[in-house]
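Asker: Sending over a structure as C-alpha cells; questions will come in a sec.
Please treat every number below as a calculation from the coordinates, not as lab data. As the structure is a computational prediction, the values presented were derived from the model and not from experiment. Here the Cβ positions follow ideal geometry from the backbone for every residue, glycine too, while neighbour counts run over all protein chains shown.
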Amino acid sequence: MIFEKSSTRTRVSFEAGMFQLGGHALFLSSRDIQLGRGESIKATARVLSRYVDGIMIRTFAQSDVEQLAEFASVPVINGLTDYSHPCQVLADLMTVRERKGKLEGLKMCYIGDGNNMANSLLVGGLRTGMTVAAATPDGYQPDPQALAVAVEYGDHFTLTNDRFAAAKDADVIFTDVWTSMGQELEAAERCRDFAGWQVNRELMSYARPDVMLQHCLPAHMNEGIAEDVFEEHVGEIYDEAENRLHVQKAVLLLCMEDK
Ligand code: CP
Ligand code: NVA
C-alpha cells in the first residue's frame, strides 16, 4: 500500500481487511520508499511486482496509477487520486443498497466540489441505475472525462449550479469537503467561492423525508456540512465508513483470490 497522501479509512480498512483474509499488507509512505527520492513509477511497479501479489496506491495524478498498472505484473488498486476514489464509491453504493434495498431508480444528489468523489459518484451512481443530479458552484464542475461518461446516460444525469433543484426529492445526498488533499493553499479562496453551499437543514428539506446523507469523511464540520445534520445522519455515515472494510475485502478477493 503506497500512500503519497494521508489516510485513516483507506489505510486501516485495507490493512485490517487483508489480515482478516489471511494475508499481509505493507504500509509504504512515499516519503520512506525510493519513489519519494525520484525512483520512477515504472521502476517501482517492476520491483514491487517481484515481491507482492497486489499494489494499492493513493496518489495525486491518475496517470501515475495507470502507469503503475501498465508496468506492474500484479493487480493495482486505486486508493484515491485527484481524479477518482472508486473504492470509496463502492462502499457508498453498498451503504445505499443496504439501507434502501436497491439502487436502481433512486435519485442520488451530489452537492459541492466537482472533485474526485464527484467524478466517481457520477459514474458509479449512473452505472448502477440511479439518476444523478450534481450541483457544483460555477468553476468547480466535475472533470470533463467523468462528465463525458455521465452525459451518455441522457436525462438520468443533470449538472446544475442550483443546489436546491439538485436536492429536490433526492433519496440520498452526498457531499464532500470544499478543499481536498493537496489544495490546502486554495482553502481561503475556496471557502469564499463555496459560501452558501453548506449541506444544512434548509438544503436537506428539499429532499425526500427519508433521505440518506453520505460523506466519505473526513468532514470539515460546519464548513461543507452542518454539524446538526451530520449528527442526525451519523449512523448511516459511519456505516458508510465501516463498509470500506467489507468492500476492500471484496476488491482484494476479486483481484487476488486465485494467488
Ligand atoms: N474516505 C477516505 O478515503 O478516508 P481516508 O482519507 O481516511 O482514507
Ligand atoms: N475529496 C477528498 C476525499 C478524501 C477521502 C480529498 O481528496 O481530500
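Asker: Quick check on my filter: what residues within segment 132-156 are surrounded by 20 or more Cβ atoms within 10 Å (Cβ to Cβ), of a type outside the set (Val, Ile, Thr) and touching a strand residue (DSSP E or B) at 6+ places or on another chain (Cβ under 8 Å)?
Answerer: Here is the first cut: in segment 132-156, the ones surrounded by 20 or more Cβ atoms within 10 Å (Cβ to Cβ) are 132-136, 142, 146, 150.
The next check asks that each one be of a type outside the set (Val, Ile, Thr); those that pass are 133-135, 142, 146, 150.
Residues satisfying the conditions are Ala133, Ala134, Ala135, Pro142, Ala150.
Asker: Can you name every residue in segment 14-57 that is among the charged types (D, E, K, R), free of Cβ contacts under 8 Å to residues at least 60 places away in the same chain and assigned to a loop (DSSP other than H, G, I, E, B)? If you could, list the steps in order and put the result at the bottom.
Answerer: From segment 14-57, those among the charged types (D, E, K, R) are 15, 31-32, 37, 39, 42, 46, 50, 53; that's our starting set.
Those still in the list that are free of Cβ contacts under 8 Å to residues at least 60 places away in the same chain too: 15, 31-32, 37, 39, 42, 46, 50.
Those that are among the charged types (D, E, K, R), free of Cβ contacts under 8 Å to residues at least 60 places away in the same chain and assigned to a loop (DSSP other than H, G, I, E, B): Arg31, Asp32, Glu39, Arg50.
Asker: Additional query: If you go through segment 227-259 one residue at a time, how many are among the hydrophobic types (A, V, I, L, M, F, W, C), away from ligand 2 (no atom under 15 Å from the Cβ), in contact (Cβ under 8 Å) with a residue 24 or more places away in the chain and closer than 18 Å to Ala170 by Cα?
Answerer: The qualifying residues number 1.
Asker: Report whether or not Val74 is touching a Gly at 6+ places or on another chain (Cβ under 8 Å), surrounded by fewer than 24 Cβ atoms within 10 Å (Cβ to Cβ) and among the β-branched types (Val, Ile, Thr).
Answerer: Working: touching a Gly at 6+ places or on another chain (Cβ under 8 Å): yes; surrounded by fewer than 24 Cβ atoms within 10 Å (Cβ to Cβ): yes; among the β-branched types (Val, Ile, Thr): yes.
Yes.
Asker: How many residues are surrounded by fewer than 24 Cβ atoms within 10 Å (Cβ to Cβ) and within 15 Å of ligand 2 (Cβ to nearest atom) when one looks only at segment 116-131?
Answerer: Count: 1.
Asker: Take the residues in segment 205-235 that are under 16 Å from the mean Cα position of the chain (by Cα) and under 17 Å from Gln88 (Cα atoms), then tell me which one is surrounded by the most Cβ atoms within 10 Å (Cβ to Cβ).
Answerer: Applying the filter and picking the extreme gives Gln214.
Asker: Out of all the residues in segment 132-143, which are within 16 Å of the chain's Cα centre (by Cα) and either aromatic (Phe, Trp, Tyr) or away from ligand 2 (no atom under 16 Å from the Cβ) (or both)?
Answerer: Val132
Quick grid of which residues meet (1) within 16 Å of ligand 2 (Cβ to nearest atom); (2) surrounded by fewer than 24 Cβ atoms within 10 Å (Cβ to Cβ):
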| site | (1), (2) |
| --- | --- |
| Asp82 | yes, yes |
| Pro86 | yes, yes |
| Asp92 | yes, no |
| Arg97 | no, yes |
| Lys102 | no, yes |
| Met108 | no, no |
| Ile111 | yes, no |
| Gly114 | yes, yes |
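Asker: Quick one: in segment 123-167, of everything that is without any contact (Cβ under 8 Å) to a residue 40 or more places away in the chain and acidic (Asp, Glu), which residue is farthest from Leu103 (Cα to Cα)?
Answerer: Looking at residues that are without any contact (Cβ under 8 Å) to a residue 40 or more places away in the chain and acidic (Asp, Glu), I get Asp138.
Asker: To continue, here is another question. Can you tell me which condition Ala61 does not meet? The list is (1) more than 16 Å from ligand 2 (Cβ to nearest atom); (2) touching an Asp or Glu at 6+ places or on another chain (Cβ under 8 Å); (3) over 30 Å from Glu236 (Cβ atoms), and all the others hold.
Answerer: Evaluating Ala61 over (1) more than 16 Å from ligand 2 (Cβ to nearest atom); (2) touching an Asp or Glu at 6+ places or on another chain (Cβ under 8 Å); (3) over 30 Å from Glu236 (Cβ atoms) leaves (1) as the failure.
Asker: Kindly establish whether Arg50 is basic (Lys, Arg) and surrounded by fewer than 22 Cβ atoms within 10 Å (Cβ to Cβ). Quick ask: steps written out before the conclusion?
Answerer: Details: basic (Lys, Arg): yes; surrounded by fewer than 22 Cβ atoms within 10 Å (Cβ to Cβ): yes.
Spelling it out, Arg50 is indeed basic (Lys, Arg) and surrounded by fewer than 22 Cβ atoms within 10 Å (Cβ to Cβ).
Asker: Given the criterion among the hydrophobic types (A, V, I, L, M, F, W, C) and under 21 Å from Cys216 (Cα atoms), identify the matching residue among Ala45, Ala25, Ala16. Please lay out each step first, then the result.
Answerer: Details: Ala45 fails: under 21 Å from Cys216 (Cα atoms); Ala25 fails: under 21 Å from Cys216 (Cα atoms).
Selected residue: Ala16, the only one of Ala45, Ala25, Ala16 that is among the hydrophobic types (A, V, I, L, M, F, W, C) and under 21 Å from Cys216 (Cα atoms).
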